[in-house]
Amino acid sequence: MRLCAIDVGLKRIGVATSVFADIVTPQVPILRKNRDQAANDVDKFLSENQIDKLIVGYPTSSVDMQNRIKHFVGLLKFEGVKVFVEEDMSSIEAEEQTKGIIKHQRDGKIDSIAASIILKRYLGCL
């Protein structure tokens, strides 16, 4: 089964995939200009990579972000299984894991590493 996790943010969407068991790979993040463009880009990625299940990072601490993420996921045309997984602290954990390894820029790399953490949580690898 091909899995994909997304970490939905207001400016970037982190993306990670798992094709073989518990091997999780961060992907190129999706830069977000607006909701429709971002939803189309996510749908295109899911289709091109033949994803069966979408794991969506879901914050427990912000009702506003929960509503935004639910709305965004509702825009997707993806017909596979969608699962919401608690994402709290995944971005901070991603920054901690990469200190001194990558330069922290606003290019979305941290967002995709956060998505990989979300996917690992789902798979029970953490």
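The values are calculated or read from the model by the stated rules, or taken from the named source; none is laboratory data. The shown structure was predicted, so the numbers you read here are calculated from the model rather than taken from an experiment. For neighbour counting, all protein chains shown are included, and Cβ atoms are generated from backbone atoms with ideal geometry for every residue, glycine included.
Could you list all residues from region 5-19 that are part of a strand (DSSP E or B), closer than 16 Å to Leu76 by Cα and not charged (D, E, K, R)?
Of everything in region 5-19, those that are part of a strand (DSSP E or B), closer than 16 Å to Leu76 by Cα and not charged (D, E, K, R) turn out to be Ala5, Ile6, Val8, Ile13, Gly14, Val15.
Pairs needed: first member in region 1-21, in contact (Cβ under 8 Å) with a residue 24 or more places away in the chain; second member anywhere, part of a strand (DSSP E or B) and loosely packed, with under 14 Cβ neighbours inside 10 Å; C-beta distance under 9 Å; at least 6 residues apart or different chains.
Listed pairs, sorted by first residue: Ala16/Thr25; Thr17/Thr25; Ser18/Thr25.
Applying the selection to region 20-34, what residues are of a type outside the set (Asp, Glu) and over 15 Å from the mean Cα position of the chain (by Cα)?
From region 20-34, those of a type outside the set (Asp, Glu) are 20-21, 23-34; that's our starting set.
Within region 20-34, Phe20, Ala21, Ile23, Lys33, Asn34 meet the criteria.
With the requirement that a residue be surrounded by fewer than 14 Cβ atoms within 10 Å (Cβ to Cβ) and modelled with pLDDT of 90 or more, what does region 83-95 give you?
Across region 83-95, the qualifying residue is only Val83.
Would you confirm whether any residue within region 24-38 is touching a His at 6+ places or on another chain (Cβ under 9 Å) and within 15 Å of Val73 (Cα to Cα)?
Going residue by residue through region 24-38, those that are touching a His at 6+ places or on another chain (Cβ under 9 Å) are 35.
Next, from what is left, pick out any that are within 15 Å of Val73 (Cα to Cα): 35.
Yes, that holds for at least one residue.
Which residues, counting only those in region 28-79, are small (Gly, Ala, Ser), assigned to a helix (DSSP H, G or I) and surrounded by fewer than 14 Cβ atoms within 10 Å (Cβ to Cβ)? Walk me through how you get there before you give the answer.
Filtering region 28-79 for residues small (Gly, Ala, Ser) gives 38-39, 47, 57, 61-62, 74.
Next, only the ones that are assigned to a helix (DSSP H, G or I) stay: 38-39, 47, 74.
Of everything in region 28-79, those that are small (Gly, Ala, Ser), assigned to a helix (DSSP H, G or I) and surrounded by fewer than 14 Cβ atoms within 10 Å (Cβ to Cβ) turn out to be Ser47, Gly74.
Val15 fails exactly one of the following numbered conditions: (1) surrounded by 23 or more Cβ atoms within 10 Å (Cβ to Cβ); (2) modelled with pLDDT under 95; (3) among the aliphatic types (A, V, I, L, M). What is the number of that condition?
Evaluating Val15 over (1) surrounded by 23 or more Cβ atoms within 10 Å (Cβ to Cβ); (2) modelled with pLDDT under 95; (3) among the aliphatic types (A, V, I, L, M) leaves (2) as the failure.
Identify, from the list Asp88, Asp22, the residue that is assigned to a loop (DSSP other than H, G, I, E, B) and touching a Ser or Thr at 6+ places or on another chain (Cβ under 6 Å). Let's see the steps before the verdict.
Values: Asp22 fails: touching a Ser or Thr at 6+ places or on another chain (Cβ under 6 Å).
That would be Asp88, the only listed residue that is assigned to a loop (DSSP other than H, G, I, E, B) and touching a Ser or Thr at 6+ places or on another chain (Cβ under 6 Å).
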